[in-house]
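Enquirer: Can you keep this structure in mind? I'll have questions shortly.
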Amino acid sequence: MSTANTNRQYIIRILFLVGAAILLAKTAQIQLVDNSYRDKAQTAAINKFVLYPSRGLVYDRNEVLMTYNQPIYELMATYKLIDPKMDTLAFCDILDINKEEFDKRLNKKWGRRYSKNVPFSFIRRLSAESYGRLQESLHEFPGFYVQKRNIRGYRDSIASHTLGYISEVNPSQIENNNIYSPGDYIGKDGLEAFYEEEIRGKKGLKYQLKDNVGRIVGDYKDGSLNQNAISGKDLKISIDTKLQKYGEQLMVNKLGSIVAIEPSSGEILTMISAPTYDPNKLSISRERGELFKKLLDDPLNPFFNRAVSAEYPPGSLFKPIVGLIAMQEKVWDFNRFVPCSGAYWNVDRFLGCHDHPSAYNMGKAIQYSCNSYFCETFKSIIDKEGYHNPNRGLDLFNSYLYEFGLGRTLDIDFQPEKGGNIPTTKYYDKIYRGRKWRSPTIVSVGIGQGEIQLTTLQMANLAAIIANRGSYYTPHLVKEYLNDDTPIDDKYTTPKKVSIDSIHFEKVIQGMAKVTVEGTANWSHITDIPICGKTGTAQNPHGKDHSIFFAFAPRENPQIAIAVYVENAGDGGAFAAPIASLMIEKYLKEQIRTANRQYMEDYILRSNLIPKTL
C-alpha cells in the first residue's frame, strides 16, 4: 500500500472520530444540561391568537372624551378541540353556569355562521371572579381559551344617534370583507359605521407553543412571527357636548329633532333626535339582546334618527327661499305690496293666514309669515314663462333648490341620511295623468306644504346659507384625526355658492331679524343677541300641527345656525322657536341669564308633548 493511500485512511478515520465526538457532546447537552429541547419535544401544538386593537376614541370639538374602550375577557371555544371526556361539571362550576346552559352555548347551528373548526364566543364577557378562577385551571380544558377584547363605553350617555354603536359582524360582512372573522365587532350606524375603516385599527397575531396538556411553553420561533395590533385613529368631532346635552334635556318627552351648524365651517355643533336612548345599554353584555329588543319594540321608535332620516314639510321656513329665488329672477320686487284678508284665495284653493296687517314689502311678509304674499311670490316664479307653461317655471325653481342642497342628500359623513323630496314637473305630469296643472294647482309648495319635504339637517343648512349670504360648506361631523396627520375629505372644506346675489339675502335677513322682535316668535327674543329666524307650522292630519323654526345668530358674523322641529307642538312660535333661542343663548353665553328666560326654559323642560295614543 502506498504512502498516499495510508494518509488518506488516517484522515477519514480522524474525521469520523471528530464527528462522533461532536454528536456525543450535543446529545449530552440536550439530555443533561439544556431543558428547553426536552420541553419543546413535548410540545403538542402551535396556537395562533388574534390580538385585537384598541378602537379609535372619539372626542368633541373641545377635546372632551365622548367614547372610551373598556377591556373585557371573552371565553372562546373551538368545538373540534374540546375533549368529550372533560369534567363538564367542574367547568360549569368555575363559570357559575349549569349543564343546560353549557350545552346551549356549545351546540350551535353549524353552517355559514359557525364552524366546528373555527373559534367562537362561548361567553362574551367573563366576570372578574370567573376569569380569576379559570386562569388557574384553563389548561385542563382543551379547546377553550380566553381572548382579551375591548368594548365601547360612552361618556354622559348622549349623542347616541350621532355616535352609533358596535355590533357583532354578520355572515355577509364576513364574506364581503376578509378583515372580519366570526365574533368580531363592527361599527353600526352613525360615526361608528361611517368611520369604521379609520377607527377599527389593525389586528395583530401571536403564535404560541403549547405542551401536550395545554400549557403555554413560549412563543413560536421566539416571537419572530408575532405582529402587534395597531390602534385605530382617534376622531375629534365637531359636536359640542355641553350644547348636545342641553338640547337633549329640552327635547325630553317630545318627538322631533334639532340640528345646529357653525356657518363659517359647516361643522355640526349638535344633532339631536328625540326620543333618544342610552348608548351604554347597547354595550356588549349578556343583557344586550333583551335591551335591544325593548328599544326596537318601543312605539316611539328611539332608533329612528329624526334629524337626518325624517322627511318633513318645512312649512313657512320655506318662504325666505321662495323670496330669494323670485328676486333673483326679477319676477318680484322686495317692496311689492300684497293685500291679505286673512287667507289666500284662488279658485278652489283656500290657505288660511295669521291675523296681521297686509304686508307692504317682503320683509314684513316674512315677519308676519303671510301666506297670501308668498303664494303670489311663488306663482310669479312658476308663471315666468307664461301661465300655460308651468313646467318651465317649476324646472327653473327646482334648479335653485338643488343648489341649496334640497332634493338630495347633503353627503355628510354620517349614516344614514335621507334627501327629502322636491316635486318635479315629471311628478305632476304623472299624478295628473295628462290633465293640465298650473301654478294655482301647486301653490301650497310656495309656503312649504304639499309634496315638498326636507330633513331637519337640510333646514339647518338653509339657515347657514342665509347666514353666509349665499355660500355654505357641506355639513360634517369630523374636524380632524388626533393621532394621525391624515386630512379630512376636502369636500368638507371646499365652499359652495348658490346663484343668488348677496344683496337679496340682506333684504330677506331684514325680515328675519324682526321675527323674534315683533313677529311670530316674539316670545323668543333675546335683548343682546340679534336672532334672524323664521317660524313654520306644518299641518298634521293625525293630530296637533308640527312646530318648526330655523335661525342664525348673531346677525353679523354669525356663529350658529339652527333648525328645530317639534312634532305635535302647535305653531312655530310655541315650542320650536323658544327651544332654538335657548340653544343659541346657551351656546353663545353659556347660560340662561334672566328670570323670564329661565321661566321659559323651565316650561319647555316640564312640557310633555308625546301624543297619548303612543
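Enquirer: Can you tell me which condition residue 254 does not meet? The list is (1) in contact with a helix residue (DSSP H, G or I) (Cβ under 7 Å, 6 or more places away or on another chain); (2) assigned to a loop (DSSP other than H, G, I, E, B), and all the others hold.
Expert: Single failed check for residue 254: (1).
Enquirer: Checking the structure you have, find out if any residue of the range 208-224 is under 15 Å from residue 52 (Cα atoms) and either in a strand (DSSP E or B) or among the β-branched types (Val, Ile, Thr) (or both).
Expert: No, every residue in the range 208-224 fails to be under 15 Å from residue 52 (Cα atoms) and either in a strand (DSSP E or B) or among the β-branched types (Val, Ile, Thr) (or both).
Enquirer: Moving on to the next point. In the range 444-462, which residues are assigned to a loop (DSSP other than H, G, I, E, B) and farther than 14 Å from residue 412 by Cβ?
Expert: 448, 449, 450, 451, 452
Enquirer: When you scan the range 542-585, how many residues do you find that are under 23 Å from the mean Cα position of the chain (by Cα) and charged (D, E, K, R)?
Expert: Looking only at that region, the number is 1.
Enquirer: Within the range 74-186, which helices (runs of 4 or more DSSP H) (wholly inside it) include 1 or more residues that are modelled with pLDDT of 90 or more? Steps first, please.
Expert: On the way: elements: 88-95, 99-106, 128-137, 160-163, 171-176.
Correct list: 88-95, 99-106, 160-163.
Enquirer: Name the single residue, out of those in the range 522-559 being of a type in the set (Phe, Trp, Tyr) and in contact with a Lys or Arg (Cβ under 9 Å, 6 or more places away or on another chain), that is nearest to residue 321 (Cα to Cα). Spell out how you get there, then give the answer.
Expert: If we filter the range 522-559 for residues that are of a type in the set (Phe, Trp, Tyr), which is where we start, we get 523, 549-550, 552.
In the following step, the residues that additionally are in contact with a Lys or Arg (Cβ under 9 Å, 6 or more places away or on another chain) were identified as 549-550.
Working: 549: 14, 550: 12 Å.
It comes out as 550.
Enquirer: Another one. Quick one: residue 540 ticks every box in (1) assigned to a loop (DSSP other than H, G, I, E, B); (2) out of contact with any strand residue (DSSP E or B) (no Cβ under 9 Å at 6 or more places or on another chain) except a single one, so which number is it?
Expert: Against the list (1) assigned to a loop (DSSP other than H, G, I, E, B); (2) out of contact with any strand residue (DSSP E or B) (no Cβ under 9 Å at 6 or more places or on another chain), residue 540 comes up short only on (2).
Enquirer: How many of the residues in the range 292-341 are under 27 Å from residue 397 (Cβ atoms) and either among the small types (Gly, Ala, Ser) or in a helix (DSSP H, G or I) (or both)?
Expert: Going through the range 292-341 one residue at a time, the tally reaches 18.
Enquirer: Within the range 257-277, identify whether any single residue is in a loop (DSSP other than H, G, I, E, B), of a type in the set (Asp, Glu) and either in contact with a helix residue (DSSP H, G or I) (Cβ under 7 Å, 6 or more places away or on another chain) or at negative phi (or both), and answer yes or no.
Expert: Within the range 257-277, none of the residues are in a loop (DSSP other than H, G, I, E, B), of a type in the set (Asp, Glu) and either in contact with a helix residue (DSSP H, G or I) (Cβ under 7 Å, 6 or more places away or on another chain) or at negative phi (or both).
Enquirer: Next up: Checking the structure you have, find out if any residue of the range 525-534 is out of contact with any His (no Cβ under 7 Å at 6 or more places or on another chain), within 16 Å of residue 600 (Cα to Cα) and either of a type in the set (Val, Ile, Thr) or buried (at least 19 other Cβ atoms within 10 Å of the Cβ) (or both).
Expert: Yes, the conditions are met somewhere in the range 525-534.
Enquirer: Going by the conditions given, is residue 466 assigned by TED's automatic domain parsing to the domain that holds residue 580, β-branched (Val, Ile, Thr) and part of a loop (DSSP other than H, G, I, E, B)?
Expert: Working: assigned by TED's automatic domain parsing to the domain that holds residue 580: yes; β-branched (Val, Ile, Thr): yes; part of a loop (DSSP other than H, G, I, E, B): no.
Judged against the criteria, residue 466 is not a match.
Enquirer: Something else: Of all residues in the range 585-607, which are out of contact with any Leu (no Cβ under 9 Å at 6 or more places or on another chain), closer than 16 Å to residue 529 by Cβ and of a type outside the set (A, V, I, L, M)?
Expert: Passing the criteria: 585, 589, 590, 591, 593, 594, 596, 598.
Enquirer: Here is a further query. Give me a count of the residues in the range 83-110 that are in contact with a helix residue (DSSP H, G or I) (Cβ under 9 Å, 6 or more places away or on another chain) and under 30 Å from residue 176 (Cα atoms).
Expert: 4
Enquirer: Which residue pairs have Cβ atoms under 6 Å apart, sit 6 or more places apart or on different chains, and have a first residue in the range 72-83 that is closer than 15 Å to residue 105 by Cα and a second that is among the β-branched types (Val, Ile, Thr) and surrounded by 19 or more Cβ atoms within 10 Å (Cβ to Cβ)?
Expert: Going by the 6 Å Cβ cut-off, the qualifying pairs are 75/123.
Enquirer: I'd like the full set of residues that are over 23 Å from the mean Cα position of the chain (by Cα) and without any contact (Cβ under 8 Å) to a residue 60 or more places away in the chain, limited to the range 299-324.
Expert: none
Enquirer: Now, a different point. Which condition breaks for residue 441 when tested against (1) assigned to a helix (DSSP H, G or I); (2) touching a residue at least 60 places away in the same chain (Cβ under 8 Å)?
Expert: (2)
Enquirer: Let me ask something else. Suppose we keep only residues that are hydroxyl-bearing (Ser, Thr, Tyr), closer than 27 Å to residue 509 by Cα and out of contact with any strand residue (DSSP E or B) (no Cβ under 6 Å at 6 or more places or on another chain) within the range 561-614. Which one would you say is surrounded by the fewest Cβ atoms within 10 Å (Cβ to Cβ)? Explain how you work it out, then say what you get.
Expert: As a first pass, look at the range 561-614 and keep what is hydroxyl-bearing (Ser, Thr, Tyr): 565, 581, 587, 594, 599, 603, 607, 613.
Subset that is closer than 27 Å to residue 509 by Cα: 565, 581, 587, 594.
Among the residues that remain, those that are also out of contact with any strand residue (DSSP E or B) (no Cβ under 6 Å at 6 or more places or on another chain) are: 581, 594.
Working: 581: 28, 594: 11.
Going through the qualifying residues, I end up with 594.
Enquirer: Please find, within the range 270-298, the residue that is farthest from the chain's Cα centre (by Cα) out of those that are surrounded by fewer than 24 Cβ atoms within 10 Å (Cβ to Cβ) and modelled with pLDDT of 95 or more.
Expert: 275
Enquirer: Looking only at the range 222-238, which residues are surrounded by fewer than 13 Cβ atoms within 10 Å (Cβ to Cβ) and charged (D, E, K, R)?
Expert: Across the range 222-238, the qualifying residue is only 222.
The values are calculated or read from the model by the stated rules, or taken from the named source; none is laboratory data. Every value quoted in this text rests on a predicted model; they were computed, and no experiment measured them. No Cβ is skipped: glycine too gets one built from the backbone with ideal geometry, and neighbour counts run over all protein chains shown.
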